[in-house]
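The structure appears below as structure tokens.
The values are calculated or read from the model by the stated rules, or taken from the named source; none is laboratory data. Please read all numbers here as calculations on a predicted model, not as lab measurements. A quick note on method: Cβ atoms are made from the backbone with ideal geometry, for glycine too, and the neighbour counts reach across all protein chains shown. Surface areas here come from the heavy atoms of the whole protein model, side chains and all, with no ligands, DNA or RNA. Shrake-Rupley method; radii C 1.70, N 1.55, O 1.52, S 1.80 Å.
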Amino acid sequence: MSEAFRGRLAILGMGYIGLPTAVAIATRGVDVIGVDINPATVAAVSRGEVPFVEPDLAIAVSGAVAMGRLTATSEIPEADAFIIAVPTPFNEDRTADLSYVEAAAKQIAPRLRPGNIVVLESTSPPGTTEKVGGWIGDLRPDLRMPRDGETGADIFVAHCPERVLPGRIMIEIVTNDRVVGGLTPRCAEKAASIYRLFAQGEILLTDAASAEMAKLVENAYRDVNIAFANELSLISESLHIDVWEVIRLANRHPRVSILNPGPGVGGHCIPVDPWFIVSAAPQLSRLIRTAREVNDRRPHDVAERVVAKAQRFRAPTIACLGLTFKANVDDVRESPAVEVVGLIAKALPEVEIFVSDPYVSTLPGPLSGYSNLRLEGAYQAVERADIVVLLVEHEPFKAMRHTRLGGKVVYDTRGAWR
Ligand code: SAJ
């Protein structure tokens, strides 16, 4: 019989993963304390508000806070279980920056009592969960930490990587299978008791390093597949063949499923996580590294094509539709669309460029220095433009009447207007 988690739970990091996880657990009747270093985030969550856009999250947070099950604070509380959901960005040399994870582990350490569970959800290179155990053990020599081959321990440490897709988080957090890797099998079992509270998918128990690697591999797999599609796009263009038609046809083979070319790969996960594999085994990760390079090069490929099209006009006006890192989210960080717009603005300083995105109300920081960029409504932008570049397939853009595009040079990087 699997054991059930009982007690109070603290989650460190109230971002895209921590907050939905907090709500999922709180609505199963567990008291959850959300911890964040940003006072504005703590204040927003305490009011039952969400500081970012994610479908169905706002209503869930306000409900959990109103019921008194979810609270927020900047202090680490005492709890029975701690989930670490802080960022793991990369350093300049593309190794993982574990400073947030380390800080979280060291802050938890003084609060720990025998029987507590510590789960790392942040995407991390192989060996990080082991390090979390080490950081805690160094600060708490009074506690027996879990060790391979030993059964007795006071603290249970495991990795359960998040796997949800931004834009579908509230669905996937419940329906996805979960991988739970423990420093020992007992740690995995203890951590699984938390996820059984709300996960309807299967819970797969393993060791910590396999769980860490599985998460990185999932994102590297997607990155390699998108790189394949982006390379096909370049090859097809050079051969005057429509890449979307080629992919549509090839995907009718029962064992082929090619992803979509686009202006590049953004977000905080897919462009970052494959590098953790590359830095763990640099000599052996040739394909994974090359895929990263192909996708990183992509905004330059797209911008160069727009500049070439502009060269055909004496005094062109350009409309760029979309700034976020993908469709139907409001997140512009690490967005290839922002990079493309910046590259075009830099290459064509005399050209007026209208930029439009239903989720963005001010030009993102990297674009603020260009005097030739203006944020506009989509219809006005398209109406005034000679060249229309679709960078993000937001629903309102997809729904735009094709008659509005008549007589213009259209560059649809997402294949949304085919
Ligand atoms: N993209 C393409 N072509 C495609 C699919 C995506 O160009 O066919 C681009 C998107 O426009 C975007 C980037 O790739 O710029 C990433 O978008 P995404 O929707 O593929 O993924 P994310 O970053 O939103 O979420 C991914 C997911 N990983 C996988 O699907 C394997 C999600 O499940 C993870 O939880 C998340 O990374 C994470 O946090 O690691």
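Relative to the longest principal axis of the Cα atoms of the chain, the long axis of helix 128-139 makes an angle of roughly 40 degrees.
Sorting S279, S236 by solvent-accessible area of protein heavy atoms yields S279, S236, largest first, with a 1.4 Å probe. Here the peptides 38-47, 178-187, 249-258, 202-211 are ranked by packing, the mean other Cβ count within 10 Å, and the order with the highest first is 178-187, 202-211, 38-47, 249-258. Spin-label model, R111 to F52: label points 7 Å out along the Cα-to-beta-carbon direction sit 2.1 nm apart. Here the gap between R333 and V246, fully extended at 0.36 nm per residue and compared with their Cα-Cα distance, gives a gain of 28.2 nm. Dimensions of the chain from C-alpha coordinates, computed as largest minus smallest value along each principal axis and given longest first, are 75, 48, 39 Å. For segment 208-306, the share of accessible area belonging to carbon and sulfur comes to 59 percent (1.4 Å probe, ligands and nucleic acids excluded). The calculated pair-distance distribution of segment 273-418 uses every alpha carbon pair, bins of 10 angstrom beginning at 0, and gives 11, 41, 31, 12, 5, 0 percent. For the chain, the mean residue ellipticity at 222 nm estimated from helices alone is -12000 deg cm²/dmol, where every DSSP H run of n ≥ 4 contributes -39500 (n - 2.57) and the total is divided by all residues, rounded to the nearest 500. For G63, the shell of other residues with beta-carbons less than 14 Å away shows a net charge of +1, using +1 for Lys and Arg and -1 for Asp and Glu. By a 1.4 Å probe calculation restricted to protein chains, M145 has an accessible surface near 10 Å², given to the nearest 10. For K326, the solvent-accessible surface computed with a 1.4 Å probe is close to 50 Å², ligands and nucleic acids excluded.
Only Cα sites of segment 84-210 enter the Debye sum here, all with the same form factor; the resulting log10 I(q)/I(0) across q = 0.10, 0.17, 0.19, 0.20 1/Å is -0.31, -0.87, -1.06, -1.15, listed in q order.
Between T73 and K398, take the C-beta separation as r, use R0 = 51 Å, and let me know the FRET efficiency to the nearest 0.05. FRET efficiency, T73 to K398: 0.75. Label positions at D177 and L284, each projected 7 Å from the Cα along the C-beta direction, are separated by 2.3 nm. Across segment 311-418, the relative contact order, built from alpha-carbon pairs under 8 Å that are at least six residues apart, equals 32 percent. Using the 1.4 Å probe convention, the accessible area of segment 311-418 works out to 48 Å² per residue with neighbouring protein chains retained. With the simple spin-label model, which puts each label point 7 Å out from Cα in the Cβ direction, the A214 to H253 separation comes to 2.9 nm.
Using C-alpha pairs below 8 Å separated by at least 6 residues, the relative contact order for the chain is 11 percent. Between 0 and 90 degrees, the angle of helix 208-238 with respect to the longest Cα principal axis of the chain falls at about 10 degrees.
In a simple Cβ point-charge model (Lys, Arg +1; Asp, Glu -1; nothing else charged), segment 233-392 has a dipole of about 440 debye relative to its Cα centre.
Ranked by solvent-accessible area (1.4 Å probe, protein heavy atoms only, all chains present), the residues L120, L232 order from largest to smallest as L232, L120. With contacts taken as Cα pairs under 8 Å and at least 6 residues apart, segment 8-215 reaches a relative contact order of 18 percent.
For segment 149-219, the average shadow cast by the Cα convex hull is 4.8 nm², which is a quarter of the hull's surface. Relative to the current alpha-carbon distance between R144 and T362, full extension at 0.36 nm per residue lengthens the span by 73.3 nm. Peptide packing: for 191-200, 20-29, the average count of neighbouring Cβ atoms within 10 Å per residue gives the ranking 20-29, 191-200, highest mean first.
Against the chain, whose longest principal axis comes from its Cα atoms, helix 99-108 is set at around 30 degrees.
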